[in-house]
Every structure is written in structure tokens, then in C-alpha cells.
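Heads up: the structure comes next, in C-alpha cells.
Readers should treat all values here as calculations from the given coordinates under stated rules, not as data from a laboratory. Just so it is clear, the structure is predicted and the values come from calculations on it, not from any experiment. Heads up, the Cβs are rebuilt from the backbone with ideal geometry, glycines too, and the neighbour counts pull from every protein chain shown.
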């Protein structure tokens, strides 16, 4: 009796299973093309998606524009027509009302400036202002509701971050190159110490200058600037390119829009990093007729605090001074011949002359 019940249970189970399978095939014919075990157990191997930065590029690229600046060069001699010289570059739409950030060298000495959106729509552009120290310029086009580059005010780049450079190299059309941040805070590449570059290995060619450097989320991290060059042509330099950090570029743009120029504080010293305990900096020389000279700062002094901020590097100190409004008085704390001294310095305006 027990055996009979067991057999009956097995037969019924098989029958129900067959009926269920027939019903599924009738409702979903595609199941017949796939092995039953794979359908029931989910063992079919899925191909993993390839690593891609397409989403980041699609978010940022509409805000990267092509810039064509024309310089009308007159020719000597009666009846000779003027020659038109065109410079190629890129720019980044920072504001939907038409403010565009680019490199100064892209539009320098231009008589006419044209901006072409990624959609192909051209606009004449007005130069709002520029800053020679950072090699940045702000343009304005008469348009609204333009696509803008994603921006995060607290964004910080670190060595090893993946970055993508977007621009129009050699007028080939919008192009993306990929690399990593090689280093941050690179100085000595301009005629002042007020500029610290991002170094990366994402390729920058003619036409890329002024374009966007973004991270893998499509957020702006810098404005593409230049390729490292050496006076020795025998050196085959590869993979060393530079960008202006976003935070600095955004500050410069805001000052240009508000004032038409960049106003920086000036102290009037040359200095080196204080190596002994990595705090403060050593004053190497003091310029005559400078705020530092008037306050009594001397060569050999070690400045370790400005206002309420302890100083950890000469770059930090220069940033504090540069961002201080001229005619503002700052308290400098320094070591001189084993003594702690405090002096008040009235910051003057920096001039690039």
C-alpha cells in the first residue's frame, strides 16, 4: 500500500511537470531555443560590459566648443590684400548664459573670434577679459540655455585619477584622449609662482588648448593648457601635459566677469621652502619699495604664520597673499635669529610689469 502511494505521487509529479513545460512553451516559444538546464538554473554565461567612459563624455562634451580666432595681417605694398591668419583652439561653456573659458594664447591678438558649438551652431564671441599669469581668457556669446560643463566646487584631483581631455585637435573635430593625473601642484612652468598645474598624460595637441579635462564622472577638473617642451630637440618627451586646475580657473573667471581683470595681492619677496621641519618658508630676498620691505621683513627670516593660518609651503603663502585684497593689512609671524617676531604688512596690488 505504501509503495502504491509513492508511485502514484511520482507519476502525478511528472505529469504536472510535463503539463507545466508544455504550457511554458506555448506561452513563451523562445524558451525552446535555450537548453532547459540553463533556463531553470540560470547557468548561461553573460558577457560582462566593457569598461567605458562614454557616459562621462556624453555628459561633458556638449559644453566643449571649437574656437576659431582670426588675425587680419596687412601686407606691404599698394593693392595687396590683407592676409587672414586663423588660430585654432577649444573652450568650455561654464555658464548657460554664454560665458566660455579658454586659454589666452588661443585668442591672443585676434581681431575676430568665432565659437562653434558641438551641434555645429556658430556664434561670434566677445572677449570679456584675460589673465596673462594663468593664460586664461573669458569669452561671451549672445545665447542662453547653453549646455554647461558639470562642476563641483569641492572637487580635488589626486595622482592616479583617471582623466579625459576633450577638444578639437588639429581641427579634426571633437576628440577625447584618456590618461591619469600624474602629479598635482606643478610649478615653475610660468613666469610666476602663482600658478600650479595638474600634470597628466592625456594627450594635448594643437587645438586642444582651452578644452575640458574631466574625470570619469564627467566633472570638470581642469582647463587643458599645454604640452611640456624642452629647448633640446634631441629629447623625445612623451606623456607630459598640463592643465589649469578647476578651482583656480573658476576663481579667475569670476574675477574677470566681475572686474574685467584679475586683482592679486603682492608681498614683494622671493623665497624657498623651509626644509627643517616643513613649516613655513625662508625669505631669500626682499624687493625694494615693496610691502615686505616697508614692513621690515628681511632676507633669512622664516615666515611660519600669516594671520591665523599656519604656513606649510611657499605656494600656500603666495595663494594667501594673492587672494588678499590690496590695501589689506596681514599679520606675519616669523623667526629671526632665534627670536619670534610679528610684523604687519599692508598688501599691495600685483602688477605683471
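So how much slack lies between residue 59 and residue 294, counting 0.36 nm per residue of separation and subtracting their Cα-Cα distance, in nm?
79.4 nm
Computed over segment 103-203, the alpha-carbon pair-distance distribution with 5 angstrom bins reads 2, 9, 14, 19, 23, 18, 11, 3, 0, each value a whole percent. The translational diffusion coefficient of segment 126-179, from Stokes-Einstein at 37 °C and 0.692 mPa s with a Kirkwood hydrodynamic radius over alpha carbon pairs, comes to 224 µm²/s.
Here the mean projected area of the convex hull built on the C-alpha positions of segment 54-141 is 7.1 nm². Going from the residue with the fewest nearby Cβ atoms within 10 Å to the one with the most, 333, 279 rank 279, 333.
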